[in-house]
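> I'd like to ask some things about the structure below.
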Amino acid sequence: MAVQKDMTVGDPARLVLNFSIPVILGNIFQQFYSMTDSIIVGQYVGTKALAAVGSTGTITFLILGFTWGLCAGFIVPLGQRFGAGDMKGVKKAAGNAVTLSIIFAVIITALSVACMRWLLTIMNTPSDIFDMAYDYVIIICAGLGAQLLYTLLSTMLRALGNSRDPLILLVMSASLNIVLDLVFVINFNMGVAGAAWATVISQGAAGIAAWVYIVLRVPTLCVSIKDLVPDKDLMMGQLRIGLPMGFQFSITAIGAVVLQAALNLLGSTAVAAYTAGEKIESLLDQLYFGLGATMASYCAQNAGAGKFDRVKQGIHAADKQGFISAIVAGLCCITFGKYLTYLFVSEEIEIILPMVETYLYCVGFFMIPLAAIFIYRNALQGMGYSLIPMIGGVIELFARAGVGIVAGINKSYLGVCFASPVAWLTAGVFLMAAYAVLEKKRLKAAATGLQTPHLY
């Protein structure tokens, strides 16, 4: 099978479906990193340990999400140049992306490690889980470079239309993570620190495997020292796309941090229940999260080739597939999702299970706007629009934080559970409306004979 795929030709609906399936499966396996940590910690260390790991989720999303956004943004010009048939430009974009990623990895790692105790403190992390939370998250942040390596290289492969091989690498990595979790947590009694080390090591292994694969099979991405030397214009273009995308993730995460702080006021049992519910929901989210990653690559290639009609066709195909996926995910949340709680919790189950059910009911009815966020945000980013998705992130921030603050003041667990659905609804409507306005402007420009500009 080809290691790269030209997505500027062929049936858009079929391309979107075929590309998204490996991405969805890969994302499900990627969820196993955190799920395995939570399951083994919850079963073998205890509910407080599960709460400790869960209480750091928003922090890791804040930090790791920023790096994910950066990588995705740095790679957009690569996908656009591949779509335009500029292979020399692909190599240069890849080399500059590597250079930028190294610089930001060093800076973000240093800042996150230095500020971690302060972050946990201002988030009202319960005193009975504070030390365990710190032990877990500090290892995750210190190993940021290992996680960034796989993220960058897999994003490069997907930009060339290859979604299969990142899946294979993730399956291998997830399997290794499970083995290391069992060894470190159960055999070596390393507690939450063992789970963190298992995650970092397995993701580092996936990154090294991706690098070896590219060297052996993907000459298009094999960069030279010359390619690593910054090109001012190209690098500024990558920063113009990457920084807003990174900030978009971080802005969204800030809202989650505020929400976590409100949740922490309710105690470690509420944190454990919310953590279990969120893990279950996150697994089901992957049905349409993969569509988002697909649209980033698809739209980048077709925008680079100037085929904006195909961009529209691909988005419509993703809409249909996303709607079906959201209905399935929502029904799973509402009907049997709560029973997965037994995977994570070994004590206080009679208290935690109804709280998990409450969370899953709240999110289950709002999966469609969440699917819309993934599809339209990534489509716009792939086309080169970075500001609009960031504005969507700001809207999501204020919606989630606003509901979270009110819930915290009233110490309402139900209010905390509704915060994310409200954020999804407001941001999803905004992004869909923004795309509709942009598409209307494009069609008007085409009707008047004006050339649609390349977005990179």
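> With (1) surrounded by fewer than 24 Cβ atoms within 10 Å (Cβ to Cβ); (2) of a type in the set (A, V, I, L, M); (3) modelled with pLDDT under 85; (4) farther than 22 Å from M245 by Cα as the list, and I24 as the residue in question, which single condition is left unmet?
Evaluating I24 over (1) surrounded by fewer than 24 Cβ atoms within 10 Å (Cβ to Cβ); (2) of a type in the set (A, V, I, L, M); (3) modelled with pLDDT under 85; (4) farther than 22 Å from M245 by Cα leaves (4) as the failure.
> I would also like to ask the following. Somewhere in the stretch 318-326, is a residue among the acidic types (D, E) and either modelled with pLDDT under 90 or within 18 Å of G54 (Cβ to Cβ) (or both)?
No, the conditions are met nowhere in the stretch 318-326.
> Of all residues in the stretch 417-434, how many are surrounded by fewer than 21 Cβ atoms within 10 Å (Cβ to Cβ) and in contact (Cβ under 8 Å) with a residue 60 or more places away in the chain?
Matching residues across the stretch 417-434 total 2.
> Looking at V229, V271, V200, V215 in this structure, which one is farther than 20 Å from L387 by Cβ and in contact with a Cys (Cβ under 9 Å, 6 or more places away or on another chain)? Write out each step before concluding.
On the way: V229 fails: in contact with a Cys (Cβ under 9 Å, 6 or more places away or on another chain); V271 fails: in contact with a Cys (Cβ under 9 Å, 6 or more places away or on another chain); V200 fails: in contact with a Cys (Cβ under 9 Å, 6 or more places away or on another chain).
That would be V215, the only listed residue that is farther than 20 Å from L387 by Cβ and in contact with a Cys (Cβ under 9 Å, 6 or more places away or on another chain).
> Before we move on, is I405 within 19 Å of I315 (Cα to Cα) and either touching a residue at least 24 places away in the same chain (Cβ under 8 Å) or among the aromatic types (F, W, Y) (or both)? Break it down stepwise before answering.
Numbers: within 19 Å of I315 (Cα to Cα): no; either touching a residue at least 24 places away in the same chain (Cβ under 8 Å) or among the aromatic types (F, W, Y) (or both): yes.
No: the conditions fail for I405.
> Ok, one more. Out of everything in the stretch 295-317 that is under 19 Å from the mean Cα position of the chain (by Cα) and at pLDDT 85 or above, what residue ends up being nearest to P421 (Cα to Cα)?
Step one: of the stretch 295-317, the residues under 19 Å from the mean Cα position of the chain (by Cα) are 295-300.
Next cut, at pLDDT 85 or above only: 295, 298-299.
Numbers: M295: 23, Y298: 28, C299: 27 Å.
The extreme case among them is M295.
> Of all the helices (runs of 4 or more DSSP H) wholly in the stretch 182-289, which have at least 2 residues that are crowded, with 24+ Cβ neighbours inside 10 Å and touching a Ser or Thr at 6+ places or on another chain (Cβ under 7 Å)?
Working: elements: 191-217, 225-228, 232-264.
Qualifying helices (runs of 4 or more DSSP H): 191-217, 232-264.
> From E357, E348, grab the single residue that is surrounded by fewer than 24 Cβ atoms within 10 Å (Cβ to Cβ), in contact with a helix residue (DSSP H, G or I) (Cβ under 6 Å, 6 or more places away or on another chain) and on the phi > 0 side of the Ramachandran plot.
On the way: E357 fails: on the phi > 0 side of the Ramachandran plot.
Of the residues listed, the single one that is surrounded by fewer than 24 Cβ atoms within 10 Å (Cβ to Cβ), in contact with a helix residue (DSSP H, G or I) (Cβ under 6 Å, 6 or more places away or on another chain) and on the phi > 0 side of the Ramachandran plot is E348.
> Take the residues in the stretch 62-119 that are touching a residue at least 40 places away in the same chain (Cβ under 8 Å) and among the charged types (D, E, K, R), then tell me which one is nearest to R377 (Cα to Cα).
Filtering the stretch 62-119 for residues that are touching a residue at least 40 places away in the same chain (Cβ under 8 Å) and among the charged types (D, E, K, R), the one nearest to R377 (Cα to Cα) comes out as R81.
> Also, I was wondering about something else. Could you list, in sequence order, all residues of the stretch 126-145 that are under 18 Å from M190 (Cβ atoms) and in a helix (DSSP H, G or I)?
Within the stretch 126-145, D131, M132, A133, Y134, D135, Y136, V137, I138, I139, I140, C141, A142 meet the criteria.
> Just checking, which of A305, A293, A300 is surrounded by fewer than 24 Cβ atoms within 10 Å (Cβ to Cβ), touching a residue at least 24 places away in the same chain (Cβ under 8 Å) and either touching a Gly at 6+ places or on another chain (Cβ under 8 Å) or within 21 Å of G73 (Cα to Cα) (or both)?
Details: A293 fails: surrounded by fewer than 24 Cβ atoms within 10 Å (Cβ to Cβ); A300 fails: surrounded by fewer than 24 Cβ atoms within 10 Å (Cβ to Cβ).
Only one candidate qualifies: A305.
> So, G191, is that one under 20 Å from N27 (Cβ atoms) and at pLDDT below 90 or not?
Numbers: under 20 Å from N27 (Cβ atoms): no; at pLDDT below 90: yes.
For G191, the condition - under 20 Å from N27 (Cβ atoms) and at pLDDT below 90 - is not met.
> Could I ask something else about it? Considering each residue of the stretch 371-413, count those that are among the β-branched types (V, I, T), crowded, with 24+ Cβ neighbours inside 10 Å and under 17 Å from A253 (Cβ atoms), and give that number.
2
> Continuing with this model, one more query. Could you grab me the full set of residues in the stretch 182-196 that are in contact (Cβ under 8 Å) with a residue 24 or more places away in the chain and in contact with a helix residue (DSSP H, G or I) (Cβ under 6 Å, 6 or more places away or on another chain)?
From the stretch 182-196, those in contact (Cβ under 8 Å) with a residue 24 or more places away in the chain are 182, 185-186, 191-193, 195-196; that's our starting set.
Across the stretch 182-196, the qualifying residues are V185, I186, V192, A193, A195, A196.
> Just give me the residues in the stretch 96-125 being surrounded by 19 or more Cβ atoms within 10 Å (Cβ to Cβ) and assigned to a loop (DSSP other than H, G, I, E, B), in sequence order.
If the condition is that a residue be surrounded by 19 or more Cβ atoms within 10 Å (Cβ to Cβ) and assigned to a loop (DSSP other than H, G, I, E, B), then M123, T125 are the ones that fit.
> A follow-up question, please. For E347, work out the one condition from (1) in contact with a Leu (Cβ under 8 Å, 6 or more places away or on another chain); (2) not in a helix (DSSP H, G or I) it doesn't fulfil.
(1)
Yes/no matrix, rows are residues, columns are (1) free of Cβ contacts under 8 Å to residues at least 40 places away in the same chain; (2) among the polar types (S, T, N, Q); (3) crowded, with 20+ Cβ neighbours inside 10 Å:
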site	(1), (2), (3)
D128	no, no, no
I139	no, no, no
L144	no, no, yes
Q147	no, yes, yes
L157	no, no, yes
I168	yes, no, no
S175	yes, yes, no
L180	yes, no, yes
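> Tell me whether the stretch 158-167 contains one or more residues that are hydroxyl-bearing (S, T, Y), within 22 Å of G57 (Cβ to Cβ) and modelled with pLDDT under 90. Before the answer, list the steps.
To start, the set of residues in the stretch 158-167 that are hydroxyl-bearing (S, T, Y) comprises 163.
Of the ones still in play, those that are also within 22 Å of G57 (Cβ to Cβ) are none.
No, that holds for no residue.
> Where the second residue is at pLDDT 80 or above and of a type in the set (K, R) and the first is closer than 16 Å to I140 by Cα and in a helix (DSSP H, G or I) and lies in the stretch 30-53, which pairs have Cβ atoms under 8 Å and are six or more apart or on separate chains?
Q31/K279; S34/K279; M35/K279; S38/K279
The values are calculated or read from the model by the stated rules, or taken from the named source; none is laboratory data. As the structure is a computational prediction, the values presented were derived from the model and not from experiment. Every residue, glycine as well, gets a Cβ built from its backbone with ideal geometry; the counts of neighbours run over all protein chains shown.
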